[in-house]
Amino acid sequence: MTSPMTGSRLKREVARIIPAHRLAASDSLRHVVATPDSFQEVSQLVAYAGREGVPVLPFAADAPSVRLDAWSLRLDLDRLSSIADYSPDSGLISVQAGVRLDDLGVWLMEKDRSLGVRAEEPANPRLWDFLLSPKAGRFGPRFGCKWDQVLSMSAVLPSGRVFRNSAAPARATGPDFSRSILMAGGRLGIPLEVHLRVHRIPTRKTLLTYELADPLAGVERAWQVARDVNPVYIEVGITPRARKSRLPHAFLAVELWEHAKGLGIHREQVRKLLADVGTPAELPEETLLDLEGTYDFDPSCTRQSVVDRDALAQLIPDLVQGCPGRVRMRLRGFVDNQVCITYDSAGPNACALPAPLVDASYLSTDAAVILDRVASNLDPAGVFQHIPKLWR
């Protein structure tokens, strides 16, 4: 890099890669937005940015703007939003990463299919945003988390090279790096096309809700419900006792999907498993579907993390007993001995935030360090290092 990057120079150089009418510059935000319409153009843009040390961020017009100290290149993937392939027999679909989740959901619904997981942000994110974001979304035991839906993918690496892996079994093709790319939050690559699992919409489904007399016992029993019943979704909620709400202080919600006569059997299984820790409650589904708004979480004192079962067993008594009656807590997932916990203490000084919740991450500390070191080696120019700022 021979001289500091300026906006005019960046726009002039990028216009050599894609037509000028697909470029837009913002002097106030110090970025140039490029709208590529092919993987080749994305590759060329990122390769150029790497040579010049220009930061690259995916761009969403309805997302909060991130202003960097230097001029940056924003990739608007709006033109990369087609559904490339769909197989009803295998339950697989290939989708370009610029597609909106709501648009994909409507398309799948017409085919009697669903992703089985979804984002929980009020906005309608694009697929790349959903997959790279550290936010958990709505997931559960039957289908797993959002990354479990990804069978294979194409992504642009910090060098500009397009990575592709096969949907064939890993033993036939070698290690699968797509999960690492997604879990790194964009530091290792930006997805361009994703091969996803989709699931048949059930003929019947039901949401069962229970009021819990003992939140700790309810959480422990939720693990057994997840294992024995394999529901699509399970959530345990704890709200302040003094809060005026249609929600009880502690509750458990279970969503069941069935295609035959198994719904009644699984409903009875849930009833027996929860008989000694909770009582059936008529909680409005529209209230539960308000997601984290249901709990009135305060962003200034809320933390989210994914923890394993053992850590959760040690954590919850400290949170619940340390701030009796004042805790807001949401637990969901119960997948592979892991649960996503969102927590606040009804005020920034009401309870000390425990160490495992300070940083929201799907990764253990060791895994996060390893991925960060890999990212530093793959991206020495720092092309993708600012991508996590999108979700701060």
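The packing ranking, built from the mean of other Cβ atoms within 10 Å per residue, places the peptides 4-16, 39-51 in the order 39-51, 4-16, highest first. What is the calculated FRET efficiency for Arg12 to Ser166, with r their C-beta to C-beta distance and R₀ = 41 Å, to the nearest 0.05? E(calc), rounded to 0.05, equals 0.55. Protection proxy ranking of 308-314, 28-34, 160-166, by the mean of other Cβ atoms within 10 Å over each peptide's residues and highest first, is 28-34, 160-166, 308-314.
Couplings 3J(HN,Hα) of the range 100-111, computed from phi: 6, 5, 5, 5, 5, x, 5, 4, 5, 4, 5, 9 Hz, in residue order, whole Hz [Karplus 6.51 cos²θ - 1.76 cosθ + 1.60, θ = phi - 60°; x for Gly and Pro]. With each label modelled as a point 7 angstrom along the Cα→C-beta vector, the Gln224-Thr279 pair spans 2.0 nm. For Ser28 and Asp214, the FRET efficiency from 1/(1 + (r/R0)^6), where r spans their Cβ atoms and R0 equals 45 Å, is about 0.25. Put a dot 7 Å past the Cα of Glu268, heading toward its Cβ, do the same for Phe177, and the two dots end up 5.2 nm apart. For the listed residue pairs Lys135/Lys389; Lys135/Lys205; Lys111/Lys135; Lys146/Lys272, the alpha carbons are over 22 angstrom apart in Lys135/Lys205; Lys111/Lys135; Lys146/Lys272. Between Asp69 and Thr203, the FRET efficiency estimated from the beta carbon spacing at R0 = 41 angstrom works out to 0.15.
Where a number appears in this text, it was derived from the coordinates with a stated rule and is not lab data. Predicted model only: the values in this text are computed from it and were never measured. As a convention, Cβ positions derive from the backbone with ideal geometry for all residues, glycine included, and neighbour counts pool all protein chains shown.
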